[in-house]
1. Going by the conditions given, is Ser324 out of contact with any strand residue (DSSP E or B) (no Cβ under 8 Å at 6 or more places or on another chain), crowded, with 19+ Cβ neighbours inside 10 Å and assigned to a loop (DSSP other than H, G, I, E, B)?
2. Pick out, from region 227-318, the helices (runs of 4 or more DSSP H) lying fully within it that include 2 or more residues that are touching a strand residue (DSSP E or B) at 6+ places or on another chain (Cβ under 6 Å) and open to solvent by 20 Å² or more (accessible area, probe 1.4 Å).
3. Taking only pairs six or more apart or across chains, which ones have beta-carbon atoms under 6 Å, a first residue in region 285-302 that is without any contact (Cβ under 8 Å) to a residue 60 or more places away in the chain, and a second residue that is surrounded by fewer than 21 Cβ atoms within 10 Å (Cβ to Cβ)?
4. Taking region 112-140, which residues are modelled with pLDDT of 75 or more, surrounded by 14 or more Cβ atoms within 10 Å (Cβ to Cβ) and not β-branched (Val, Ile, Thr)?
5. Tell me which of these Arg71 doesn't satisfy, since it passes every other one: (1) at pLDDT below 55; (2) within 37 Å of the chain's Cα centre (by Cα); (3) assigned to a helix (DSSP H, G or I).
6. Might you let me know whether region 171-190 holds any residue that is under 26 Å from the mean Cα position of the chain (by Cα), open to solvent by 50 Å² or more (accessible area, probe 1.4 Å) and among the polar types (S, T, N, Q)?
7. Among Glu209, Glu226, Glu160, which is the only one that is more than 30 Å from Leu92 (Cα to Cα) and either at pLDDT 95 or above or of a type in the set (Ser, Thr, Tyr) (or both)?
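The values are calculated or read from the model by the stated rules, or taken from the named source; none is laboratory data. Being a predicted model, the structure only gives us computed values, none of them experimental. Cβ placement follows ideal geometry from the backbone for every residue including glycine, while neighbour counts extend to all protein chains displayed. For the accessible areas, the whole protein counts, side chains as well, though only heavy atoms, and no ligand, DNA or RNA atoms are used. Shrake-Rupley method; radii C 1.70, N 1.55, O 1.52, S 1.80 Å.
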Amino acid sequence: MFDGLKDKLGSFRDDVEEEVEEKEAEAEAAAEAEAESADDTADDEPSTPAAAPDRESSDEEDDDGGPGRLRQAAAFATGRVIIEEEDLEEPLWSLEMALLESDVEMSVAEEILDAVREQLIGESRKQVDTTAELVEEALHDALVDVISVGQFDFEQRIAEADKPVTIVFTGVNGVGKTTSIAKMSEWLGERGYSSVLANGDTYRAGANEQIEKHAENVGRKVISHEQGGDPAAVIYDGVEYAEANDVDVVLGDTAGRLHTSNDLMTQLEKIHRVVDPEMTLFVDEAVAGQDAVERAKEFDDAAEIDGTVLTKADADSSGGAAISIAHVTGKPVLFLGTGQGYGDIREFDPEALVDELLADEA
């Protein structure tokens, strides 16, 4: 999952390490040259104390804009190499291109770059440490910051909410919304919560049959009306059923809609007025990349989503949607769909995801 992005982040770490190793080699050479120069002076004028080097002239930069030779030598002699902006210029440019190619939204990529730059420039690298460790720490912090926006404990919210808890799922057609509802029912069941499915997708031909098949497979009841019925009424009936039967959670499906469809958005607004759901979750495909990010923003503007479920995460090499959506919408990614089975859903953990992205291959 997100293997392409993982490789690109690893390349950035290697690029910075290479730049700093070259700088360290130059510092070592400068230190040796200074030592040889000092020995020559001592041999030529043994009775005359060596004059202190002119600090101003010694600290001047080389013609190429790099640190002066004496500064390099001093850094190496004290066992430290300082990472400077010039060391990061090319690696950061490559990282920016890598993030954009991985469908990371532009403002998110810029924030990651700024955070990495700020954390690394001026950082002293001890010889007992490695540059790769410094870079990994900077990347880790920057990625976690942008991915964790708005994050909350989904299960805790379910546990603390008055029952039944109503969760409405929204999104465009064909992204795995109904399947995600069945997966969520299984996920809740594994944690001791009962659930009922309510089919608010009342206009699409075959929608009742689709959700009923999923419900049969996972052993849940479905509340549905005839095709063309009122979606808000269906989900309301689901809530009443849950209240009468001590069911913990109502999972409400809605028609796949585009943010530009005023009629469908009006239906969603009515569902909110009638049912007042605890959460509205936006569902889209991780492989949709920037399209998913843009749709999430538009749905949040129209329907005030509480979080996102990204399907097909196992097929996504880029990772752009997972990296970007929370930062763009201010609402977290809560779950990843990771396969075809009903158990193939994983609660989104920003720290764990970043650890995976930055882990060395075994």
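1. Numbers: out of contact with any strand residue (DSSP E or B) (no Cβ under 8 Å at 6 or more places or on another chain): yes; crowded, with 19+ Cβ neighbours inside 10 Å: yes; assigned to a loop (DSSP other than H, G, I, E, B): no.
Judged against the criteria, Ser324 is not a match.
2. Working: elements: 231-244, 262-275, 290-303.
Output list reads 231-244.
3. Ala286/Lys312; Val287/Lys312; Val287/Ala315; Lys297/Val328; Glu298/His259; Ala302/His259; Ala302/Met265
4. Leu113, Ala115, Arg117, Gln119, Leu120, Ala132, Leu134, Glu136, Glu137, Ala138, Leu139, His140, listed by residue number.
5. All conditions are met except number (2).
6. Yes; the residues of region 171-190 include at least one that is under 26 Å from the mean Cα position of the chain (by Cα), open to solvent by 50 Å² or more (accessible area, probe 1.4 Å) and among the polar types (S, T, N, Q).
7. On inspection, the qualifying residue turns out to be Glu160.
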